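Here the structure comes first, spelled out in C-alpha cells, and everything after it is commentary.
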C-alpha cells in the first residue's frame, strides 16, 4: 500500500501538492460537499482547526461529488462557498472521487488502511440514506462497506502518516469521540 505522503494531490487553487507538506502534523481528512444536509459540519471542522492548529492539527477538505451530486461546483466555486459561508481557513484540495472506478489513490489507501468506521448508528444512517437515494435518485444506494458511506466521513492520521481512526459521516467533528481522538493523537 502507498504511503499517504507519497500520493499526489492538488490544492483547490490548482497547484500540485502532497500530504507530505503536513509531515509531523496530525491530519483530519474529510470528504466534503456544499449542498449536503451535513454541510454545516464545515463550521465544526473550522472550529477544530482553529482550536488545535497551533499544536499540530490540520483539517484537509477533499470536495467530492459522489453522493447525491451534492458537490456540483467548480473548485473556484467550492473555495468561494467555503470562505463566504463558513470562513474556512483549513486547506481545501481539488475535487476528487472518493468512490467508484475513478476513486482517488488517497481514498483507496485510506479505506484499505482503515476499513471500519466508528459510528454506532452507521447502519441506521445507511438505511436513511438508501431511502433518500431511492426517493430522489432512481433507486441508487450508498456505497457498500468498507467504502465511504457519504459526505463528511473523517480519517484521523497521526504525525507519522498512519491512519489511526475513521469516523462515520453522522459523527460531527465536535463529537467527544473525535475531539478525544485528536487530543490523544496530538499528545503522542
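Step by step: first the residues of the range 143-165, then only those that are surrounded by 22 or more Cβ atoms within 10 Å (Cβ to Cβ) and outside any loop (DSSP other than H, G, I, E, B), then the one that is farthest from the chain's Cα centre (by Cα). Which residue is that?
Looking at residues that are surrounded by 22 or more Cβ atoms within 10 Å (Cβ to Cβ) and outside any loop (DSSP other than H, G, I, E, B), I get 157.
Here are 159, 126: which of them is more than 27 Å from residue 75 (Cβ to Cβ) and at pLDDT below 95? Show your work before the answer.
Details: 159 fails: at pLDDT below 95.
After applying the criteria, what remains is 126.
Looking at (1) more than 18 Å from residue 151 (Cα to Cα); (2) buried (at least 20 other Cβ atoms within 10 Å of the Cβ), which is the only condition residue 45 fails?
Going through (1) more than 18 Å from residue 151 (Cα to Cα); (2) buried (at least 20 other Cβ atoms within 10 Å of the Cβ) one by one, residue 45 breaks only (1).
Can you list residue pairs whose Cβ atoms sit under 8 Å apart, with the first residue in the range 71-91 being in contact (Cβ under 8 Å) with a residue 40 or more places away in the chain and on the phi > 0 side of the Ramachandran plot and the second being in a helix (DSSP H, G or I) and buried (at least 16 other Cβ atoms within 10 Å of the Cβ)? Count only pairs 6 or more apart in sequence or on different chains.
Taking only residues 6 or more apart or on different chains, the pairs are 87/46.
So which of 90, 67, 52 ends up being modelled with pLDDT of 95 or more, under 21 Å from residue 167 (Cα atoms) and either within 14 Å of the chain's Cα centre (by Cα) or in a strand (DSSP E or B) (or both)? First the steps, then the outcome.
Values: 67 fails: modelled with pLDDT of 95 or more; 52 fails: either within 14 Å of the chain's Cα centre (by Cα) or in a strand (DSSP E or B) (or both).
So the residue among 90, 67, 52 that is modelled with pLDDT of 95 or more, under 21 Å from residue 167 (Cα atoms) and either within 14 Å of the chain's Cα centre (by Cα) or in a strand (DSSP E or B) (or both) is 90.
Tally the residues that are in contact (Cβ under 8 Å) with a residue 40 or more places away in the chain, touching a strand residue (DSSP E or B) at 6+ places or on another chain (Cβ under 9 Å) and surrounded by fewer than 19 Cβ atoms within 10 Å (Cβ to Cβ), restricting the search to the range 9-24.
4
The values are calculated or read from the model by the stated rules, or taken from the named source; none is laboratory data. On a predicted model such as this, the values are computed, not experimentally measured, just so you know. Positions of Cβ are backbone-derived with ideal geometry, glycine not excepted, and every protein chain shown enters the neighbour counts.
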